[in-house]
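The values are calculated or read from the model by the stated rules, or taken from the named source; none is laboratory data. Values in this document were obtained by computation on a predicted structure and should not be read as measured data. Methodologically, a virtual Cβ is constructed for each residue, glycine included, from the backbone with ideal geometry; neighbour enumeration extends over all protein chains shown. With ligands, DNA and RNA removed, areas are computed over all heavy atoms of the protein, side chains included. Shrake-Rupley method; radii C 1.70, N 1.55, O 1.52, S 1.80 Å.
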Amino acid sequence: MTAEKKRHTLKNTVMSLPDKLIIFLGRTFSGHNHDYLMLKQEFPPELDWFADINVRVDLGYLGMKADYRGDRIAIPTKKPRKSQKNPTPQLSDEQKAANTALSRVRIFIEHAIGGMKRYNILVHGFRNRKVDFEDDAIGVCAGLWNFVLSY
(Lines give C-alpha, C1' and ligand atoms only; values in the text may rest on other atoms or scores of the structure.)
Protein backbone atom coordinates (compact mmCIF):
# COMPACT_ATOMS: atom_id res chain seq x y z
CA MET A 1 0.00 0.00 0.00
CA THR A 2 1.44 3.35 -1.02
CA ALA A 3 0.50 6.70 0.40
CA GLU A 4 -0.77 8.96 -2.34
CA LYS A 5 0.36 12.56 -2.14
CA LYS A 6 -2.37 15.11 -2.57
CA ARG A 7 -1.37 17.85 -5.00
CA HIS A 8 -2.45 21.35 -4.12
CA THR A 9 -3.39 23.52 -7.04
CA LEU A 10 -3.32 27.25 -6.52
CA LYS A 11 -5.91 29.60 -8.01
CA ASN A 12 -6.55 33.28 -7.62
CA THR A 13 -8.21 36.19 -9.36
CA VAL A 14 -5.86 38.05 -11.72
CA MET A 15 -6.52 41.36 -13.47
CA SER A 16 -4.22 42.57 -16.21
CA LEU A 17 -3.86 45.41 -18.69
CA PRO A 18 -3.58 44.78 -22.45
CA ASP A 19 0.20 45.22 -22.17
CA LYS A 20 0.23 42.12 -19.86
CA LEU A 21 1.04 44.16 -16.75
CA ILE A 22 -0.61 42.56 -13.72
CA ILE A 23 -2.59 45.17 -11.76
CA PHE A 24 -4.46 42.97 -9.28
CA LEU A 25 -3.90 39.62 -7.61
CA GLY A 26 -6.65 38.22 -5.44
CA ARG A 27 -6.32 35.94 -2.46
CA THR A 28 -4.91 32.52 -3.23
CA PHE A 29 -7.26 29.55 -2.95
CA SER A 30 -5.93 26.03 -2.63
CA GLY A 31 -7.66 23.15 -4.35
CA HIS A 32 -10.53 23.19 -6.80
CA ASN A 33 -12.53 26.40 -6.68
CA HIS A 34 -14.89 27.89 -9.21
CA ASP A 35 -13.60 31.13 -10.76
CA TYR A 36 -16.85 33.00 -10.27
CA LEU A 37 -17.15 32.08 -6.58
CA MET A 38 -13.62 33.38 -5.99
CA LEU A 39 -14.53 36.63 -7.74
CA LYS A 40 -17.64 37.04 -5.59
CA GLN A 41 -15.54 36.61 -2.44
CA GLU A 42 -13.00 39.20 -3.62
CA PHE A 43 -15.55 41.68 -4.99
CA PRO A 44 -18.99 41.47 -3.30
CA PRO A 45 -21.73 42.07 -5.90
CA GLU A 46 -23.47 44.66 -3.69
CA LEU A 47 -20.91 47.32 -4.66
CA ASP A 48 -20.30 48.93 -8.07
CA TRP A 49 -16.89 47.40 -8.73
CA PHE A 50 -17.15 47.16 -12.49
CA ALA A 51 -19.46 50.05 -13.36
CA ASP A 52 -16.85 52.22 -15.10
CA ILE A 53 -14.34 49.74 -16.55
CA ASN A 54 -14.23 47.26 -19.42
CA VAL A 55 -14.41 43.72 -18.08
CA ARG A 56 -13.68 40.74 -20.32
CA VAL A 57 -14.01 37.31 -18.75
CA ASP A 58 -14.26 33.70 -19.88
CA LEU A 59 -17.12 31.21 -19.48
CA GLY A 60 -16.00 30.47 -15.92
CA TYR A 61 -17.80 33.69 -14.93
CA LEU A 62 -21.30 32.94 -16.22
CA GLY A 63 -23.84 34.89 -14.19
CA MET A 64 -21.59 37.90 -13.73
CA LYS A 65 -23.82 40.16 -15.84
CA ALA A 66 -26.81 39.30 -13.67
CA ASP A 67 -25.03 39.84 -10.33
CA TYR A 68 -22.79 42.85 -11.05
CA ARG A 69 -23.79 46.30 -12.28
CA GLY A 70 -21.98 47.54 -15.34
CA ASP A 71 -22.77 47.73 -19.03
CA ARG A 72 -19.22 46.95 -20.18
CA ILE A 73 -19.00 43.34 -18.98
CA ALA A 74 -18.23 41.00 -21.89
CA ILE A 75 -18.77 37.25 -21.55
CA PRO A 76 -18.57 34.83 -24.50
CA THR A 77 -21.68 33.06 -25.71
CA LYS A 78 -21.92 29.47 -24.54
CA LYS A 79 -22.71 26.77 -27.09
CA PRO A 80 -26.19 25.27 -26.48
CA ARG A 81 -26.46 21.78 -25.03
CA LYS A 82 -27.16 18.80 -27.22
CA SER A 83 -30.73 17.51 -26.90
CA GLN A 84 -33.27 15.46 -28.78
CA LYS A 85 -34.84 18.62 -30.18
CA ASN A 86 -31.43 20.05 -31.09
CA PRO A 87 -29.09 17.12 -31.86
CA THR A 88 -26.38 19.31 -33.44
CA PRO A 89 -26.26 22.60 -31.52
CA GLN A 90 -24.31 25.39 -33.18
CA LEU A 91 -23.51 29.01 -32.50
CA SER A 92 -24.49 31.51 -35.16
CA ASP A 93 -21.77 33.13 -37.25
CA GLU A 94 -22.32 36.42 -35.38
CA GLN A 95 -21.88 34.67 -32.01
CA LYS A 96 -18.73 32.91 -33.23
CA ALA A 97 -17.32 36.21 -34.50
CA ALA A 98 -18.10 37.93 -31.17
CA ASN A 99 -16.46 35.08 -29.21
CA THR A 100 -13.38 35.28 -31.46
CA ALA A 101 -13.11 39.05 -31.02
CA LEU A 102 -13.41 38.68 -27.25
CA SER A 103 -10.80 35.92 -27.11
CA ARG A 104 -8.37 38.06 -29.12
CA VAL A 105 -8.56 40.71 -26.41
CA ARG A 106 -8.57 38.25 -23.50
CA ILE A 107 -5.44 36.42 -24.66
CA PHE A 108 -3.30 39.09 -23.00
CA ILE A 109 -4.47 38.06 -19.51
CA GLU A 110 -3.65 34.45 -20.36
CA HIS A 111 -0.17 35.57 -21.44
CA ALA A 112 0.22 37.49 -18.16
CA ILE A 113 -0.72 34.38 -16.15
CA GLY A 114 1.69 32.33 -18.27
CA GLY A 115 4.39 34.92 -17.62
CA MET A 116 3.95 34.42 -13.88
CA LYS A 117 4.10 30.65 -14.33
CA ARG A 118 7.57 30.86 -15.86
CA TYR A 119 8.70 30.77 -12.24
CA ASN A 120 8.56 27.11 -11.27
CA ILE A 121 7.25 27.63 -7.75
CA LEU A 122 3.79 28.19 -9.29
CA VAL A 123 3.90 25.29 -11.71
CA HIS A 124 4.80 22.38 -9.45
CA GLY A 125 2.84 21.01 -6.51
CA PHE A 126 3.07 23.43 -3.60
CA ARG A 127 4.21 21.65 -0.42
CA ASN A 128 4.95 24.54 1.91
CA ARG A 129 2.94 24.67 5.14
CA LYS A 130 3.58 28.27 6.16
CA VAL A 131 0.41 30.31 6.58
CA ASP A 132 -0.31 32.59 3.58
CA PHE A 133 3.01 31.72 1.93
CA GLU A 134 1.12 30.96 -1.30
CA ASP A 135 0.00 34.59 -1.49
CA ASP A 136 3.58 35.76 -0.97
CA ALA A 137 4.93 33.40 -3.64
CA ILE A 138 2.37 34.46 -6.24
CA GLY A 139 2.91 38.12 -5.35
CA VAL A 140 6.66 37.79 -5.84
CA CYS A 141 6.16 36.02 -9.17
CA ALA A 142 3.75 38.73 -10.35
CA GLY A 143 6.21 41.40 -9.27
CA LEU A 144 9.05 39.69 -11.14
CA TRP A 145 6.85 39.40 -14.25
CA ASN A 146 5.95 43.11 -14.08
CA PHE A 147 9.66 43.90 -13.63
CA VAL A 148 10.53 41.86 -16.74
CA LEU A 149 7.91 43.84 -18.69
CA SER A 150 9.30 47.16 -17.50
CA TYR A 151 12.62 46.95 -19.34
Tell me, what is the 1.4 Å probe accessible area of T100, in Å² to the nearest 10? 60 Å²
Excluding ligands, DNA and RNA, the carbon-plus-sulfur percentage of the accessible area of the range 2-93 with a 1.4 Å probe reads 51 percent
Computed from the beta carbon distance with a Förster radius of 22 Å, FRET efficiency for D67 and F133 to the nearest 0.05 stands at 0.10
Computed ³J(HN,Hα) along the range 25-34: with the Karplus parameters 6.51/-1.76/1.60, θ = phi - 60°, integer Hz and x for glycine or proline, the list is 10, x, 4, 8, 10, 9, x, 8, 10, 6
Report the trypsin sites (Lys or Arg not before Pro) located in the range 85-147 that are in a DSSP loop and have at most 11 other Cβ atoms inside 10 Å of their Cβ, or state none. K85, R127, R129, K130
Under a point-charge model restricted to the Cβ atoms of Lys and Arg (+1) and Asp and Glu (-1), what is the dipole moment magnitude of the chain relative to its Cα centre, in debye to the nearest 20? 760 debye
Going down the list K79/K130; K20/K82; K40/K79; K65/K85; K82/K117, which pairs span over 31 Å between their C-alpha atoms? K79/K130; K20/K82; K82/K117
Report, in order of residue number, the helices in the chain meeting two criteria: a C-alpha extent of 18 Å or more along the helix axis, and a mean Kyte-Doolittle hydropathy of at least -0.5; treat each whole DSSP H run as one helix. 93-116, 133-150
Solvent-accessible heavy-atom area per residue, rounded to whole Å², over the range 10-151 at 1.4 Å: 68 Å²
Given T28, S83, N54, which one lies farthest toward the positive end of the charge dipole of the chain, if we put +1 on the Cβ of every Lys and Arg and -1 on the Cβ of every Asp and Glu? S83
Heavy-atom SASA rank of R27, R81 (probe 1.4 Å, accessible area, largest first): R81, R27
Using the Kirkwood radius built from alpha carbon pairs, what does the Stokes-Einstein equation give as D for the chain at 10 °C and 1.306 mPa s, in µm² per second? 90 µm²/s
Using a Gaussian network for the chain with springs between C-alpha atoms less than 10 Å apart, which of these wobbles most: N120, N33, N86? N86
